[in-house]
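Asks: For reference, the structure I am asking about is given below.
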Amino acid sequence: MLTMTQFSCASTGETLDLTTQLATSGEGEVWRTQHPHLLAKIYHHPSPERIRKLTVMVNHPPKDPNAHINHISFAWPKSLILNAQGQPVGFLMPTIQGSVDLLEVYSPLRRNRSVPGFNWLYLHVTAMNLASIVWAIHEAGYVLGDMKPQNILVNTCALPAIIDTDSFQVRDPETQALYPCLVGSESFTPVELMGKDLDRTPQTPQQDYFRLGVLIHLLLFCDHPYKGQWIGKGESPTPNELLRRGYWPYAANSLIQPGPLTIPLNIVHPSVQRCFQRCFNQGHAAPELRPTAQAWRRALQEAILDLQTCRKVKHHVYSKSYGRCYWCDRTTQLQVDIFALSAPKIPLSQKLQTILNTHLPRLATQLPGSKAGHMPSLLQFRPKSWPRRSTPVTQRRPGAPQPPLPQSPRQSWQPPVTRPLTQIQSLRSASTWKSAVAQAPERLSGLINWSSQHPWMQLGALIAVVAGSGALLLDLSGTHLDPANLGLTLVGGGLCLGLVGLCYLLARVSQSSRI
Amino acid sequence: MPVGLPEFVENPENRCPVILLLDTSTSMAGPPVKALSHGVGVFKEEVQRDTKAALSVEVALITFGPVTLVEDFVTIDQFTPPELVADGFTPMGEAIHYAIDLLEDRKETYKSNGIQYYRPWIFLITDGAPTDEWQSAAQRLQAGDTDGKFCFFAVGVEGVDMEKLKQIAPPHRPPVLLNGLDFRSLFVWLSSSMKRVSSGRVGDMLALPPVGWGKITI
C-alpha cells in the first residue's frame with residue numbers, strides 16, 4: 001500500500017496527485033492521477049535496471065499508426081515518476097478509455113453481457129488491427145513478449161490497445177543493452193521458449209508471431225487452437241502439454257481432432273487458413289516459418305472483403321469463399337447460436353444493412369497502398385470515415401490520410417443495447433440537409449417496406465390513413481349529412497385518431513433514425 | 001442432446017474443476033458449520049473477481065454425513081453457496097469414493113465435448129475421524145494423486161483425528177490444521193490458487209502461495 005508521499009513527473013516537474021487505485025500486482029500499483037487522460041504505475045521495488053529500461057522506452061517511443069484518428073494503440077510510458085526524494089519509482093502512461101479486455105469480445109458468454117453487436121465482422125477487423133499494432137511495435141525494435149487477452153483492450157470500433165507495455169523486451173538503440181521480457185503466459189508461449197528462463201532469454205518478433213496467431217484464432221474461432229477431441233490413450237494431457245506437442249486439430253498425426261464443438265478451419269478465408277497452418281504446423285518448431293504480422297494483416301484484409309451478411313439472420317456474417325452461413329448451420333446442429341447472444345436489441349435497420357453490404361467492397365479502394373516506410377492506418381468502423389455521397393471514392397487520392405474525425409472514438413461505455421449502433425447515428429446527424437432530403441425517398445421507402453417486425457407501424461399508419469381520409473370525406477360531404485352531432489363526433493373522432501396515428505409514426509421514424 | 005452441452009458452446013474455456021468435500025457431521029454443528037458456509041460464499045466472491053477464472057473454475061459440492069451431492073459441477077457464476085446443516089456421521093471413505101467417481105464422470109463429459117481441463121482439485125475439510133471403511137478410499141486417492149489425475153488436499157479442523165488424516169492424505173501433501181475457524185483465509189487462498197491455475201502465468205513458480213491459514217503437521 002502506497003503512502004501518499006509526493007510524486008512528481010520527471011519531465012515537467014509537476015506534482016502528481018494519485019487519486020484512485022485501479023490495480024495492484026506483484027510488481028506495482030496503477031493509479032489514476034489528477035489528469036483523466038494519464039495513469040501512474042508505481043513499482044513496489046524500482047530496480048535500477050527497470051528504470052533504465054523505462055528511460056529507453058520514454059526516449060524512443062514507437063510511431064503510433066493511429067495518432068491521426070486520436071486512437072491510442074499502446075499505453076506507452078510518457079515520462080518517469082519521481083518520489084519525494086527525487087528517485088524514479090514508476091512512470092506515467094495514457095489512459096485507455098471506453099475499452100474492454102479481449103476476453104469480453106471473444107468469449108461468447110462474456111460478449112453477450114458486455115458487447116452485444118460485436119459480430120464476426122468486428123472480430124475480423126479487431127484481428128487485423130491487432131496485427132497492424134504488433135507490426136508497428138516490431139518496426140520500432142521492440143518485442144511484446146507477454147501477449148495475452150488481459151493485456152489487450154478493444155473498443156466498440158474494433159480498435160485494440162495494448163497495455164502493460166513496460167513488460168516488453170527493450171533494446172537500447174545506443175548501447176544495444178537488452179532488457180528482456182520477464183513474464184509470459186502458458187497458452188501463449190511458443191515451444192522454443194518453454195522451460196527457458198525468461199530473464200535470460202532474448203526473444204525475437206517470431207515468438208510474437210506465434211502469440212499473434214493464437215490471439216487471432218481466439219478472435220475468429222472464439223476458442224484456443226490447441227483443444228478438441230483427444231483420440232490418444234488414457235487421459236488428455238494438460239492444455240500446455242498439447243501446445244508443446246503441437247496437437248491442434250489440423251496438424252499431421254495429431255492426437256487432437258476436431259471435437260463436436262470445434263468450429264472448422266475452412267469457414268475463414270483461404271489466405272487466413274494458410275496463415276494458421278503455417279503458424280501452427282510448419283511454424284510450430286520453426287519460428288522463421290511463422291507468418292509475420294504483415295502477412296496476417298494482408299490475409300485478414302482479404303478475408304474482410306470476402307465477408308457477407310446472412311440473409312436469414314442479420315447479425316450473422318460469413319465468408320463468401322465458404323459459401324454458406326456457418327453460424328446458421330451451427331445453430332441448427334447445436335441449438336445454441338453464439339452470435340444470437342450478441343444481436344443488438346434494436347433490430348438492424350435496412351440502412352445499416354446497405355452500409356455493410358456496400359461499404360465492404362469500397363474498403364479495397366480506401367486502404368492506403370503499402371508504400372515503403374508507410375504504415376497503413378488501422379481499419380475502423382466509423383461511418384464518418386466512409387466517403388459521403390458528395391465525395392465519390394474515385395476522387396480520393398490513394399494513400400491520402402483519412403480526414404480528421406470531429407469526435408474522439410474514446411467514449412465511456414454506454415448500455416450495450418445502443419452502443420454498437422451509435423456510429424450510424426453520427427452518420428445521420430452529420431449529413432447535410434441536402435443529403436437528408438436526397439435520402440428522404442429512400443428512407444420513406446424503407447419505412448413503407450415494412451417487415452413483419454413492425455406491426456405497430458402498420459397499425460399506426462393504417463389508423464392515420466383511414467382516419468385522415470374518413471375525416472376529409474366527412475368534411476367534404478359534411479353539409480349533406482343529417483345529424484350534425486353524429487357528423488361532428490365522427491369528424492372529431494377521426495381527426496383525433498389521425499393525430500394519434502401521425503404522432504406514433506413520427507415517434508417511430510425518429511426512433512428508427514436513431515438506429 | 002447431452003446435458004451440459006449449451007454451457008460448453010457458450011463458454012469453451014479450459015476448465016479448472018474443484019470438488020469441495022465437506023464434513024457436515026454432528027460435531028461440526030454450530031459455529032464451525034456456519035463459518036464453513038460463509039467460507040464457501042467467500043470462495044465464490046473471490047473467484048468471480050477474475051473474469052477469466054470465473055469462466056474456467058467449476059465447482060461441485062459434496063457433504064458427508066450422509067454423502068450428499070449438494071451441487072453438481074457448475075461454473076462459479078451459477079454456483080449458489082448453500083446453507084450447510086451439520087447432522088450425521090462421518091462416512092469419509094464413501095465420500096472420497098463418491099468424489100473420485102464424480103470427477104471421472106465429469107472428465108468423460110469434457111472428453112466427449114472436446115473440452116480441455118487443468119488438473120482437478122479435491123478439497124476435503126473434516127473435523128473428525130472416518131466412521132466407515134476408509135483404507136480402500138485412501139489407496140485410491142493416493143494412487144490418483146501420484147498419477148496426476150487430481151490434486152488432493154486435506155484440511156483438518158479443531159478436533160480432527162490428525163493421525164488418521166495423515167494416513168489418508170497423499171504423503172507428499174500432508175494435511176493442514178486450520179487456525180481455529182478461519183475458513184475465510186482458507187477459501188481466499190484456494191480462490192487465488194484457482195486464479196493462478198486458470199491464468200497459467202509463466203515466470204511465476206507454480207508453487208502454492210504461502211499458507212497463512214493453517215499449519216502443516218509433520
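Asks: Which residues, taken from the stretch B:1-58, are of a type in the set (S, T, N, Q), within 12 Å of chain A (Cβ to nearest Cβ) and more than 20 Å from the chain's Cα centre (by Cα)?
Replies: B:ASN11, B:THR51
Asks: Which one of these does A:ASP172 not meet: (1) buried (at least 24 other Cβ atoms within 10 Å of the Cβ); (2) within 19 Å of A:VAL58 (Cα to Cα)?
Replies: Tallying (1) buried (at least 24 other Cβ atoms within 10 Å of the Cβ); (2) within 19 Å of A:VAL58 (Cα to Cα), A:ASP172 fails exactly one: (1).
Asks: While we're looking at this one, here's another question. Residues in the stretch B:35-43: is at least one closer than 27 Å to B:GLY144 by Cβ and in contact with a Lys or Arg (Cβ under 8 Å, 6 or more places away or on another chain)?
Replies: Within the stretch B:35-43, one or more residues are closer than 27 Å to B:GLY144 by Cβ and in contact with a Lys or Arg (Cβ under 8 Å, 6 or more places away or on another chain).
Asks: Has the stretch B:35-44 got at least one residue that is over 30 Å from B:ALA129 (Cα atoms) and crowded, with 18+ Cβ neighbours inside 10 Å?
Replies: no
Asks: Kindly provide the set of residues from the stretch A:264-297 that are assigned to a loop (DSSP other than H, G, I, E, B), surrounded by fewer than 18 Cβ atoms within 10 Å (Cβ to Cβ) and in contact (Cβ under 8 Å) with a residue 60 or more places away in the chain, ordered by number.
Replies: Correct list: A:PRO264, A:ALA285.
Asks: Applying the selection to the stretch B:109-129, what residues are within 11 Å of another protein chain (Cβ to nearest Cβ) and touching a helix residue (DSSP H, G or I) at 6+ places or on another chain (Cβ under 7 Å)?
Replies: Residues satisfying the conditions are B:ASN113, B:ILE115, B:GLN116, B:TYR117, B:TYR118, B:PRO120.
Asks: Which numbered condition trips up A:ARG278, out of (1) closer than 30 Å to A:PRO202 by Cβ; (2) basic (Lys, Arg); (3) at pLDDT below 95?
Replies: Evaluating A:ARG278 over (1) closer than 30 Å to A:PRO202 by Cβ; (2) basic (Lys, Arg); (3) at pLDDT below 95 leaves (3) as the failure.
Asks: Specify the residue that is nearest to A:LYS227 (Cα to Cα); the eligible residues are those in the stretch B:109-119 that are aromatic (Phe, Trp, Tyr) and not in a helix (DSSP H, G or I).
Replies: Ranking the qualifying residues of the stretch B:109-119, first place goes to B:TYR117.
Asks: Find the residue count for the stretch A:23-44, including only residues that are surrounded by 13 or more Cβ atoms within 10 Å (Cβ to Cβ), within 14 Å of another protein chain (Cβ to nearest Cβ) and within 27 Å of the chain's Cα centre (by Cα).
Replies: The total comes to 1.
Asks: Out of the residues in the stretch A:202-240 that are at the interface with chain B (Cβ under 8 Å from one of its Cβ atoms) and in a helix (DSSP H, G or I), state the one that is nearest to A:SER167 (Cα to Cα).
Replies: So, considering only residues that are at the interface with chain B (Cβ under 8 Å from one of its Cβ atoms) and in a helix (DSSP H, G or I), the one nearest to A:SER167 (Cα to Cα) is A:ASN240.
Asks: Let me ask something else. Of the conditions (1) at positive phi; (2) surrounded by 19 or more Cβ atoms within 10 Å (Cβ to Cβ); (3) of a type outside the set (Ser, Thr, Tyr), B:ALA169 clears all except one; give me its number.
Replies: Every condition holds for B:ALA169 apart from (1).
Asks: Search the stretch A:178-201 for residues being within 13 Å of another protein chain (Cβ to nearest Cβ) and assigned to a strand (DSSP E or B), and hand back the single one that is farthest from A:LYS53 (Cα to Cα).
Replies: Across the stretch A:178-201, the extreme among qualifying residues is A:SER185.
Asks: Separate question: For B:VAL202, work out the one condition from (1) modelled with pLDDT under 85; (2) away from every other protein chain (no Cβ under 14 Å); (3) over 16 Å from B:CYS16 (Cβ atoms); (4) buried (at least 16 other Cβ atoms within 10 Å of the Cβ) it doesn't fulfil.
Replies: (2)
Asks: Taking B:THR68, is it without any contact (Cβ under 8 Å) to a residue 60 or more places away in the chain and surrounded by 22 or more Cβ atoms within 10 Å (Cβ to Cβ)?
Replies: When the stated conditions are applied, B:THR68 does not pass them.
Asks: Quickly run through the stretch A:312-334 and pick out the residues that are under 17 Å from B:VAL9 (Cβ atoms) and basic (Lys, Arg).
Replies: A:ARG330
Asks: Within the stretch A:96-117, track down each residue that is surrounded by fewer than 18 Cβ atoms within 10 Å (Cβ to Cβ) and within 24 Å of A:MET57 (Cα to Cα).
Replies: A:GLN97
Asks: Would you check which residues across the stretch B:43-60 are assigned to a strand (DSSP E or B) and touching a Pro at 6+ places or on another chain (Cβ under 7 Å) and list them?
Replies: If the condition is that a residue be assigned to a strand (DSSP E or B) and touching a Pro at 6+ places or on another chain (Cβ under 7 Å), then B:GLU58 is the only one that fits.
Asks: Just checking, which of A:SER47, A:SER79 is farther than 23 Å from A:VAL154 by Cα, modelled with pLDDT of 90 or more and surrounded by fewer than 16 Cβ atoms within 10 Å (Cβ to Cβ)?
Replies: Answer to the selection: A:SER47.
Asks: Further, regarding this structure: Take residues that are in the same structural domain as A:LEU219 (by TED's automatic domain parsing) and within 28 Å of A:THR204 (Cβ to Cβ) and tell me which of the strands (runs of 3 or more DSSP E) falling wholly in the stretch A:55-161 contain 3 or more.
Replies: By residue number, A:152-154.
Asks: State yes or no: is A:LEU243 crowded, with 21+ Cβ neighbours inside 10 Å, of a type outside the set (Phe, Trp, Tyr), part of a helix (DSSP H, G or I) and assigned by TED's automatic domain parsing to the domain that holds A:PHE339?
Replies: no
Asks: Being part of a loop (DSSP other than H, G, I, E, B), touching a Phe, Trp or Tyr at 6+ places or on another chain (Cβ under 8 Å), touching a residue at least 12 places away in the same chain (Cβ under 8 Å) and within 14 Å of chain A (Cβ to nearest Cβ): is that true of B:ARG106 here?
Replies: Criteria not met by B:ARG106.
Asks: Looking at (1) touching a residue at least 40 places away in the same chain (Cβ under 8 Å); (2) surrounded by fewer than 22 Cβ atoms within 10 Å (Cβ to Cβ), find the lone condition where B:THR126 falls short.
Replies: Unmet for B:THR126, out of (1) touching a residue at least 40 places away in the same chain (Cβ under 8 Å); (2) surrounded by fewer than 22 Cβ atoms within 10 Å (Cβ to Cβ): (2).
The values are calculated or read from the model by the stated rules, or taken from the named source; none is laboratory data. Values in this document were obtained by computation on a predicted structure and should not be read as measured data. As a convention, Cβ positions derive from the backbone with ideal geometry for all residues, glycine included, and neighbour counts pool all protein chains shown.
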